[in-house]
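Since the structure comes first, as structure tokens, the remarks are kept for the end.
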Amino acid sequence: IHSTKWLTVALHRPTFNLMVEHIPPPQLDAVFHALGDATRRQMLARLAEQTEQTVSQLAEPFDMSLAAASKHIKALESAGLVQREVRGRTHLCRLRPEPLADAHAWLTSYQRFWAQRLDVLEALLMNDTTPHPTPRKGKTP
């Protein structure tokens, strides 16, 4: 009988996963969830242009009901991106940009990460002296 015990020997090496080690806070998750939808991004853009709009005004350019627009606005509210104020029967919405600054700061750290990697790649490519085959005229592979 052949043993397969040697296949299951565990090596005790620490595993590091930077994405797991740098888990963003729940608020940041909510911001990225809210920004993950094009309709919500457009609503935020409209609020950035005009500081205060009703739910009806935010829903106007989209082919959706006021109830559907309200669900989008609730997602923006739960991310802290929109503040809703009720005046009688009118719901007014305002942009709260602070959570966007947190998201920007988080993304900036990865921008530096990729910029460094691309700089290294550029340097390698600039120093590449390996001869590359030139295509022959008239012959197709």
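Read-outs throughout are calculated quantities, based only on the coordinates presented, and are distinct from any laboratory measurement. Keep in mind that what you see is a predicted model, and the values were worked out from it rather than measured. Glycine also receives a Cβ, built like all others from the backbone with ideal geometry; neighbour counts cover every protein chain displayed.
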In whole Hz, the Karplus estimates of ³J(HN,Hα) for the range 61-72 (6.51, -1.76, 1.60; θ = phi - 60°; x where Gly or Pro) are x, 10, 8, 8, 6, 5, 5, 5, 4, 5, 5, 5
Ranked output for segments 87-98, 42-53 by mean other Cβ atoms within 10 Å, highest leading, reads 42-53, 87-98
Phi angles of the range 32-37, converted by Karplus (6.51 cos²θ - 1.76 cosθ + 1.60, θ = phi - 60°) into ³J(HN,Hα) in whole Hz with x for Gly and Pro, give 5, 4, 5, 6, x, 10
Applied in sequence order to the range 82-89, the curve 6.51 cos²θ - 1.76 cosθ + 1.60 (Karplus, θ = phi - 60°) yields integer Hz couplings, x standing for Gly and Pro, of 10, 10, 10, 10, 9, 10, x, 9
Non-local residues with an amide H under 5 Å from the amide H of His91, with H modelled 1.01 Å from N and Pro and chain starts lacking one, are Val55
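Work out, step by step, the length gained on full extension between Asp128 and Thr90: first 0.36 nm times the residue separation, then minus their alpha carbon distance; give nm to one decimal.
Working: separation 38, 0.36 × 38 = 13.68 nm, distance 6.50 nm.
Using 0.36 nm per residue and subtracting the Cα-Cα distance, I get 7.2 nm.
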Counting only residues 5 or more apart in sequence or on a different chain, those whose built amide H sits under 5 Å from that of Arg96 are Val82, Gln83
Computed from the beta carbon distance with a Förster radius of 25 Å, FRET efficiency for Ser109 and Ala38 to the nearest 0.05 stands at 0.45
Taking a ≥ b ≥ c as the square roots of the Cα gyration tensor eigenvalues, with a/c under 1.5 meaning rounded and otherwise prolate when a/b beats b/c or oblate if not, the range 52-141 comes out oblate
Summing +1 per Lys or Arg and -1 per Asp or Glu among the other residues with Cβ less than 15 Å from Ala103's Cβ gives -1
